[in-house]
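The structure under discussion appears below in the form of structure tokens.
Readers should treat all values here as calculations from the given coordinates under stated rules, not as data from a laboratory. Given the structure is predicted, the values throughout are model-derived calculations rather than measurements. Using ideal geometry, Cβ is built from the backbone for each residue, glycine included, and neighbour counts are taken over all protein chains shown.
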Amino acid sequence: MSWNPLKRLSKASSKGSSGAELDEKTIEEYVSKFVRLERDTKKLHNDAKKYEDTMLALYHCEKKMSSDLASGELCHESPELRRLVEEWLGFASSMDSAVDDHLVAIRRCLVDPLKRYQGVFAEVQATLKRREQAAQECLRLEQRAERLSGRESTGANLARLSESRQALEAGRADLATQGALLAQDLPRWYAAGSLYLQPCLEALVHSQILHWGQAATRAHDLMAPGTCSPVEQQLAAARSLSIVSLPT
């Protein structure tokens, strides 16, 4: 919605009442707001898709880095480094399902809702386009009535003039009705944007908290300094049993 059709309606609506002028001003203000809102929504939608791709690329990169280190020359001569890298690789691999869940949440909480929300702008455009067409029709009827009023006052010309004026009156009434409805509907449509997007963003933030909290917990369990590996922990638990005698 990069255009403002109301700029072409000023002539057709200039003969309206003060209430019509107020409606026109309200409509112009909200059309400008919708133009900015559409721009920001498209940008946010593109950013959300980039965020989704970046999250996936981040974990792929982390797994590749840790895997390359584990199989590379750096870890061959350093058991401590190798253990650290293997724990890192284990952590990165253990996050596969959590990453998939978070990617689904990003799409459901932000990407898809933003795509659906952009349909509002097409609806606003269509409504404004219908009003623009009504205004152009009023302008055409007004010009026709002016031409007929300048002709000879014959019976046929007077009949045409009366018919043209009636059509113009009906057109102006329809245009005024559309303007009044738009003056009411546009603020409601605009306010609905925050009501629609706020729960989407809240759900995304909640998903992020769960995801990164889960990542921190797993990293602590697998890689905390001074802790044993899961296998070593199981062996230690087995040794503590009085019925088991394992070599130390």
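Okay, here's what the table says:
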item: Whole-number percent relative contact order across the stretch 5-239, with pairs defined as alpha carbons under 8 Å at least 6 apart; result: 33
item: Among the listed pairs Lys33/Lys129; Lys42/Lys129; Lys25/Lys129; Lys43/Lys64; Lys63/Lys115, those beyond 24 Å (Cα-Cα); result: Lys43/Lys64; Lys63/Lys115
item: Whole-Hz couplings from phi, Karplus 6.51/-1.76/1.60, listed for the stretch 144-158; x for Gly and Pro; result: 5, 5, 5, 5, 5, 5, x, 8, 4, 7, 8, x, 5, 5, 5
item: For the stretch 5-239, size of Cβ-based charge dipole, Lys and Arg +1, Asp and Glu -1, in debye; result: 1440
item: Along each principal axis, Cα extent of the stretch 5-239, largest first, Å; result: 116, 31, 21
